[in-house]
Amino acid sequence: MRAKAIAVILAAMAGAFASLPVRADETIPFTLVISRAEVAHRPALAMSVTFRGGASGETVVHLPNEWASEKELWRGLKSLTVKNASFASPIVEPQTRRLTHVPSAQITLAWEIIQGYSGEPNFGDTKSLFRPTVNEHTVIGALQTMLPSFEIAPGRVLGLDPHIRTVPPLFCDIAITFENFPKNWALATAFGATANQSIRAARCDALWNSNLALGDFRVREAKDAHGVVRLAVRGKWALSDQALLARFSAARAAAAEAFQDPGPPQILVSLAGTEPLAHGQAVFGTAFSYGFFGFATPNASLASLKVWWNHEQVHYWIPNRLGQEMEGAETALAWFNEGFTDYFSLMNAYRTHELDAKSLAEEVNTRFIAGYLKSPAREAPNAKIVEGFWSDRTLQQLPYQRGALLALNWNAEIKKASNNKQSLADLISELIEQARQNPNVVLTPSRIAEAARTSGVANAAADIASYIDAGHLITPREDIFGPCTRYDQAKGALALTGNGWTTAACATWLK
Ligand SMILES: [Zn+2]
């Protein structure tokens, strides 16, 4: 990651659907205990889980392995021990262990976690943004990098299914206990901020789709019609903690309204400062189904923070609510998962009055249009992006820019075809509805194209084949900003003159 770049990179993993009503006897008890510990005089976390093992007498343990750019995460789990079961040998794969036990035995698995890199979180070391931080002041981490998943029968996984999401999903009663932490430490997850937390009848992968913020965080909570937003923050920012919390709640409400789908019932947003950069600023975020986290340099501007929280919030819906994840989606489908998310994050900032119409156009000009037109990789086929996403910053940015431009074009086309009655947000609502009706449905380019076609995009499949797969240059439509202003092809930018911004027609069109 280059120092001057504002990095907003997302690794959205398997998501969670809203909890379905289930009978208490259908839920699976699952207990997680997290304690403060020391390993070789270094601060560590001791973690243990207790659950009922497989009825066949075998349970497969999938240790955390890959997440975003990181591999072999299982190396960070030390001193693995088990009670009421034994490890079968030989070990076939280092990230997979087999437990044998009395059928349906109550098993406890324990391990320790030490920090996965050295020093404090910093933009010079990607590991520090993805791997657990465990030091004397704080613990920061995505739970999926710290917790194994447990396959209690073929296709029945407590946690993240390494193959495909468990369908139908399993529901768990999850209890989390924090032990042995200093009294003044924050103990925040999406599900609470006290030493004993519980999640009843939630999808069993809820815990793995959330994050931890412990230690010197300041914790604030807000409740609105959509549920609880919990903020855990370290460092000083352009806004007060209360103001940040209010903006996060507003962003969630606006996105839920746009997609006509309620947001998660509770989320944890954590924001932690990194070491400053010699030059410039940086913000980085990752979204989970139950919240998102961010790292930012202490000088992060309000404008960059806005991009961060709107982008990560939109990820709750894109792609998490749109069905099963296609294999390789993180890079191959980044044009949609990241590009469309970037488009909706700007629209969300407009809806929450973080941007007015003209500043929205300025953002579109700078981030999407200029970014794309100046990109030395702008005509790279999608296969090149898949190849270089984690190693080449230009290739990593391209699907964000390219996808957002396609989103702008499609939105204008849908508006025109429907006489302004529909917009691109309705396409997302349609995909959400399909996934609600059939949780097995996979999010693929052809499914996106078909939903776009029925929404009024004339050549959606051909657009994807040409602009995404083959990488042909996208030209923004003249009407991508409706009656507010026009795209000036000679300048390669939205015209920023005129007073279309202030008209009622512009406000209606952008709604
Ligand atoms: Zn993202």
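Within the stretch 209-233, being part of a loop (DSSP other than H, G, I, E, B) and at pLDDT 95 or above holds for Asp216, Phe217. Evaluated against (1) surrounded by 24 or more Cβ atoms within 10 Å (Cβ to Cβ); (2) within 30 Å of Asn440 (Cα to Cα), Leu346 falls short on exactly one condition, (2).
For the stretch 268-279, the criterion of being within 16 Å of the ligand (Cβ to nearest atom), in contact with a Gly (Cβ under 8 Å, 6 or more places away or on another chain) and modelled with pLDDT under 95 is satisfied by no residue at all. Would you check if Gln437 is buried (at least 20 other Cβ atoms within 10 Å of the Cβ) and among the polar types (S, T, N, Q)? Against the criterion (buried (at least 20 other Cβ atoms within 10 Å of the Cβ) and among the polar types (S, T, N, Q)), Gln437 does not qualify. Restricted to helices (runs of 4 or more DSSP H) entirely inside the stretch 296-404, those with at least 1 residues that are within 14 Å of the ligand (Cβ to nearest atom) are 302-314, 329-332, 341-351. Could you please let me know if Ile113 is surrounded by 18 or more Cβ atoms within 10 Å (Cβ to Cβ), without any contact (Cβ under 8 Å) to a residue 60 or more places away in the chain, among the β-branched types (Val, Ile, Thr) and within 28 Å of Thr177 (Cβ to Cβ)? No: the conditions fail for Ile113. Restricting attention to the stretch 63-84, the residues that are over 30 Å from Asp392 (Cβ atoms) and crowded, with 18+ Cβ neighbours inside 10 Å total 2. Take Phe171 and decide whether it is within 28 Å of Glu26 (Cα to Cα) and assigned by TED's automatic domain parsing to the domain that holds Lys127. So Phe171 passes the test. Of the helices (runs of 4 or more DSSP H) lying entirely inside the stretch 432-511, those carrying at least 1 residues that are in contact with a Ser or Thr (Cβ under 9 Å, 6 or more places away or on another chain) and free of Cβ contacts under 8 Å to residues at least 60 places away in the same chain are 445-455, 460-463.
For the structure I just gave you, tell me whether Gly291 is more than 14 Å from the chain's Cα centre (by Cα) and in contact (Cβ under 8 Å) with a residue 24 or more places away in the chain.
no
Could you say which residue among Ser149, Ser198, Ser210 is touching a residue at least 60 places away in the same chain (Cβ under 8 Å) and surrounded by fewer than 24 Cβ atoms within 10 Å (Cβ to Cβ)? Unique residue meeting the criteria: Ser149.
Might you check whether a residue that is surrounded by 17 or more Cβ atoms within 10 Å (Cβ to Cβ), among the aromatic types (Phe, Trp, Tyr) and touching a strand residue (DSSP E or B) at 6+ places or on another chain (Cβ under 9 Å) occurs anywhere in the stretch 250-265?
no
Taking the stretch 479-511 as the range and being loosely packed, with under 13 Cβ neighbours inside 10 Å and under 30 Å from Pro381 (Cα atoms) as the test, the residues that pass are Gln489, Ala490, Lys491.
Which one is modelled with the highest pLDDT, of the residues in the stretch 1-31 that are more than 16 Å from the ligand (Cβ to nearest atom) and surrounded by 20 or more Cβ atoms within 10 Å (Cβ to Cβ)? My answer is Phe30.
The values are calculated or read from the model by the stated rules, or taken from the named source; none is laboratory data. These figures come from a predicted structure and were not determined experimentally. For neighbour counting, all protein chains shown are included, and Cβ atoms are generated from backbone atoms with ideal geometry for every residue, glycine included.
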